[in-house]
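Engineer: The following block contains the structure, expressed as structure tokens.
The values are calculated or read from the model by the stated rules, or taken from the named source; none is laboratory data. Fair warning: this is a prediction, and the values are worked out from it, not measured in the lab. Backbone-built Cβ (ideal geometry, glycine too); neighbour counts: all protein chains shown. Note: areas computed on protein heavy atoms with side chains; ligands, DNA, RNA excluded. Shrake-Rupley method; radii C 1.70, N 1.55, O 1.52, S 1.80 Å.
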Amino acid sequence: MRRTARAIIVKDNQLLVMHRNKFGHEYCALPGGGVDVGETPEQTLYRELAEETGVSINNHRLVILEHAGAMYGDQYIYLCD
């Protein structure tokens, strides 16, 4: 089953999101991505944030674990400093 780790990062009352254009649909999403084989969701969180945003986080707290069905798998959503 697919697993994804995403971050909620708020600074100066602004939420960090990524703008995406996928299959002709434009939308904003929380930064993050898929958990690789042998990787924990927490490791994915740090790796994806560095790759996608260059942002470093100091702290993370799991705030939502969503079982999003077979198509999307489990979504681990962390509140980060």
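Engineer: Quick check on my filter: what residues within segment 1-26 are without any contact (Cβ under 8 Å) to a residue 24 or more places away in the chain and closer than 14 Å to C80 by Cα? Please lay out each step first, then the result.
Structural biologist: Looking only at segment 1-26, we keep the residues that are without any contact (Cβ under 8 Å) to a residue 24 or more places away in the chain, and these are 10-15, 17, 19-26.
Of everything in segment 1-26, those that are without any contact (Cβ under 8 Å) to a residue 24 or more places away in the chain and closer than 14 Å to C80 by Cα turn out to be V10, K11, D12, N13, Q14, L15, V17.
Engineer: Then there's this: Limited to segment 5-37, what total is found for residues that are part of a strand (DSSP E or B), touching a Leu at 6+ places or on another chain (Cβ under 7 Å) and among the aliphatic types (A, V, I, L, M)?
Structural biologist: Number satisfying all stated conditions: 4.
Engineer: Report yes if some residue within segment 61-68 is open to solvent by 40 Å² or more (accessible area, probe 1.4 Å) and among the β-branched types (V, I, T); otherwise report no. Working first, answer last.
Structural biologist: From segment 61-68, those open to solvent by 40 Å² or more (accessible area, probe 1.4 Å) are 61-67; that's our starting set.
Now restrict to residues that are among the β-branched types (V, I, T): 63-64.
Yes, because at least one residue in segment 61-68 is open to solvent by 40 Å² or more (accessible area, probe 1.4 Å) and among the β-branched types (V, I, T).
Engineer: Can you run down the residue pairs with Cβ atoms below 7 Å, 6 or more apart or on separate chains, where the first is in segment 56-81 and at pLDDT below 85 and the partner is of a type in the set (K, R) and surrounded by fewer than 16 Cβ atoms within 10 Å (Cβ to Cβ)?
Structural biologist: Partner pairs satisfying both residue conditions: Y72/R2.
Engineer: Given the conditions (1) in contact with a Ser or Thr (Cβ under 9 Å, 6 or more places away or on another chain); (2) in a strand (DSSP E or B), report the number of the one that A50 does not fulfil.
Structural biologist: (2)
Engineer: Sticking with this structure for a sec: List every residue pair whose Cβ atoms sit under 7 Å apart, with the two residues 6 or more apart in sequence or on different chains, where the first one lies in segment 35-48 and is closer than 13 Å to A7 by Cβ and open to solvent by 30 Å² or more (accessible area, probe 1.4 Å) and the second, anywhere, is modelled with pLDDT under 95 and part of a helix (DSSP H, G or I).
Structural biologist: From segment 35-48, no pairs qualify.
Engineer: When only residues in segment 1-24 that are touching a Gly at 6+ places or on another chain (Cβ under 6 Å) and over 18 Å from S56 (Cβ atoms) count, which is least open to solvent (accessible area, probe 1.4 Å)? Give the steps one after another, and end with the answer.
Structural biologist: Let us first name the residues in segment 1-24 that are touching a Gly at 6+ places or on another chain (Cβ under 6 Å), namely 1-7.
Pick out the ones that are also over 18 Å from S56 (Cβ atoms) and you get 1-4.
Working: M1: 168, R2: 127, R3: 82, T4: 1 Å².
By that ranking, first place goes to T4.
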